[in-house]
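Quick one: this structure, given as structure tokens, is what I'll be asking you about.
The values are calculated or read from the model by the stated rules, or taken from the named source; none is laboratory data. Computed from a predicted model, the values in this text were never measured in an experiment. We place every Cβ from the backbone using ideal geometry, glycine too, and count neighbours over all the protein chains shown.
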Amino acid sequence: MEILSLFKYAEKLKFSDIRDSLGVRSNKLAYHLRNLTKRGILIKQGNSYSLSENSEYLIPYLTEKKSILPVVLILIGDSKKAFLYLRKKRPYYSKLSLPGGRILLGESLANATSRIMKENFNLETKFKKLNSISFEHIVKLNKVVHSFILFFVTAETKGNIIKTDILKNKKKIISSDYKLITKDANKETKIDTIISN
């Protein structure tokens, strides 16, 4: 991580520049540089190293700071009845939840929706609309432990699913999911995709 973080501010670095910046022994540094080169993360050109094109995506993540996680939450149903599942991992272990997951690099909301529903529930779905975009901060003992940007979308499926009564199960449903379902299910918003070179 420390080696890679040097490439946030330089396209190419010599071995001696990396060694001097990190203050590590040459043999230890050589081992790590060889490993990063072998894995295709770094490229060695002459006596300089640079990030490979395939590793450019790492640059925003080369920090000690924790960052917010973008996720898509998928509503199949409406504000009264919706497809929910019982979570088996934290946060929100054993709560009823909207299906959802991370948005992968380069993925559209429609593609993320289809992928998540296929991978996790073996359901073919069709993206309908983006309902809302929200921030969620999970607080434990007066400290934020998780932060998410929630892309709340509606999709439809022809698959056979069981829908849960939202009002009757309010206490069993993740509170933020309940709020989104009851307040934002009938909304629609737009988001632009910008492709930059």
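Could you tell me which numbered condition ASP184 fails, if it satisfies all but one of (1) surrounded by 11 or more Cβ atoms within 10 Å (Cβ to Cβ); (2) touching a Leu at 6+ places or on another chain (Cβ under 8 Å)?
(2)
Read through the list (1) touching a residue at least 60 places away in the same chain (Cβ under 8 Å); (2) under 18 Å from ILE68 (Cα atoms), then give the number of the only condition that PRO91 fails.
Every condition holds for PRO91 apart from (1).
Also: If we only count helices (runs of 4 or more DSSP H) wholly inside region 1-87, which ones have 3 or more residues that are over 23 Å from the mean Cα position of the chain (by Cα) and surrounded by fewer than 14 Cβ atoms within 10 Å (Cβ to Cβ)?
Details: elements: 2-5, 15-22, 26-38.
By residue number, 26-38.
Can you work out which of the residues in region 115-148 that are under 15 Å from the mean Cα position of the chain (by Cα) and outside any strand (DSSP E or B) is surrounded by the most Cβ atoms within 10 Å (Cβ to Cβ)?
Top of the filtered list is ILE116.
Which of the numbered conditions does SER147 fail, given that it passes all the others? Conditions: (1) farther than 15 Å from LEU69 by Cβ; (2) small (Gly, Ala, Ser); (3) touching a residue at least 60 places away in the same chain (Cβ under 8 Å).
Tallying (1) farther than 15 Å from LEU69 by Cβ; (2) small (Gly, Ala, Ser); (3) touching a residue at least 60 places away in the same chain (Cβ under 8 Å), SER147 fails exactly one: (1).
Restricting to region 81-93, and then to whatever is in contact with a helix residue (DSSP H, G or I) (Cβ under 9 Å, 6 or more places away or on another chain) and at pLDDT 95 or above, can you tell me which residue is nearest to VAL139 (Cα to Cα)?
Out of the qualifying residues, it is LEU86.
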